[in-house]
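The values are calculated or read from the model by the stated rules, or taken from the named source; none is laboratory data. Just so we're clear, the structure is a prediction, and the values are computed from it rather than from any experiment. All Cβ positions, even for glycine, are placed from backbone atoms using ideal geometry, and neighbour counts span all protein chains on display. Side chains are part of the model used for accessible areas, which takes the heavy atoms of the whole protein and leaves out ligands, DNA and RNA. Shrake-Rupley method; radii C 1.70, N 1.55, O 1.52, S 1.80 Å.
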Amino acid sequence: MQIKKTNQNDIETLMQIRLEMLRVVNKLNEEDNFDRTLIECSREYFLKGDQTTVFAMDGDKIAGCASLSYINVMPTFDHPTGKRAHLMNVYTRAEFRRRGAGKMMVEFLIEEAKSRGVTEIRLDATQMGHPLYKSLGFSDNGEGMNLKL
């Protein structure tokens with residue numbers, strides 16, 4: 001399994017897997033339609049947002065995806081750069097689960113965040129995701145989880 005950083009040429013695939021992930025997480029059927037605003041804003045996010053999105057690749061097949069959104073806030077004592085990030089859209093397709101794809105994607109994004117001077121990553125985790133994030137050093141803060149870099 002390899003990690004591929006996405007770019008604008010991947011927009012159609014990014015949109016497809018994002019909507020697939022939303023269907024799975026929200027237990028939606030293929031007949032359920034997404035709000036037009038959600039689709040348009042998701043497309044804009046991938047094309048123009050301050051983010052890094054990756055695919056986990058098994059040969060030429062996409063096993064999963066994950067995104068890291070960068071956020072600049074006022075610097076603080078604990079976070080002198082004011083650069084933080086939010087991890088989201090971590091998704092592994094069912095047939096590739098339990099093979100390390102999620103871990104590889106998150107590890108890649110953690111290193112990417114460090115290279116950009118990020119001092120904290122936050123996320124909102126499902127119960128299924130908690131063990132992965134804890135194994136990577138995230139701590140439960142009652143609202144979500146954090147990883148101090």
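Quick notes
- The antiparallel fraction among DSSP beta bridges confined to the range 45-149 stands at about 85%.
- Loop-located GluC sites (Glu not before Pro) in the range 78-149 (DSSP state not H, G, I, E or B) with no more than 11 neighbouring Cβ atoms inside 10 Å: GLU143.
- Per-pair calculated FRET efficiency, R0 = 25 Å: LYS114 and ILE11 via Cβ, rounded to 0.05: 0.40
- Cut-off 15 Å between beta-carbons: net charge of the residues surrounding TYR70, Lys and Arg +1, Asp and Glu -1: +3
- Calculated accessible area for the chain comes out at 60 Å² per residue, all protein chains present (probe 1.4 Å; ligands, DNA, RNA ignored).
- Long pairs among LYS5/LYS103; LYS61/LYS103; LYS48/LYS134, criterion Cα-Cα beyond 21 Å: LYS48/LYS134
- For the range 39-91, the calculated P(r) over all alpha carbon pairs, in 10 Å bins from 0 to the bin holding the longest distance, is 22, 39, 27, 10, 2 percent.
- Cα lying deepest toward the dipole's positive end in the range 19-116, options SER67, GLY100, PHE77, charges on Cβ: PHE77
- Stokes-Einstein D (µm²/s) once Rh is taken as the Kirkwood radius of the range 1-73 over alpha-carbon pairs, at 25 °C in 0.890 mPa s: 185 µm²/s
- Loop-located chymotrypsin sites (Phe, Trp or Tyr not before Pro) in the range 55-149, at most 15 other Cβ atoms within 10 Å (DSSP): PHE77
- Angle between the chain longest axis and helix 101-115 axis [Cα atoms, degrees, rounded to 10]: 40 degrees
- Sites ASP124 and GLU31, calculated FRET efficiency, Cβ-Cβ separation with R0 35 Å, nearest 0.05: 0.80
- Protein heavy-atom surface of the range 69-110, 1.4 angstrom probe: 58% of the accessible area is carbon and sulfur, with nucleic acids and ligands not counted.
- If the convex hull is drawn through the Cα atoms of the chain, its volume per residue in Å³: 126 Å³
- Unit Cα scatterers, Debye sum, the range 93-149: log10 I(q)/I(0) for q = 0.14, 0.24, 0.26 Å⁻¹: -0.39, -1.02, -1.13
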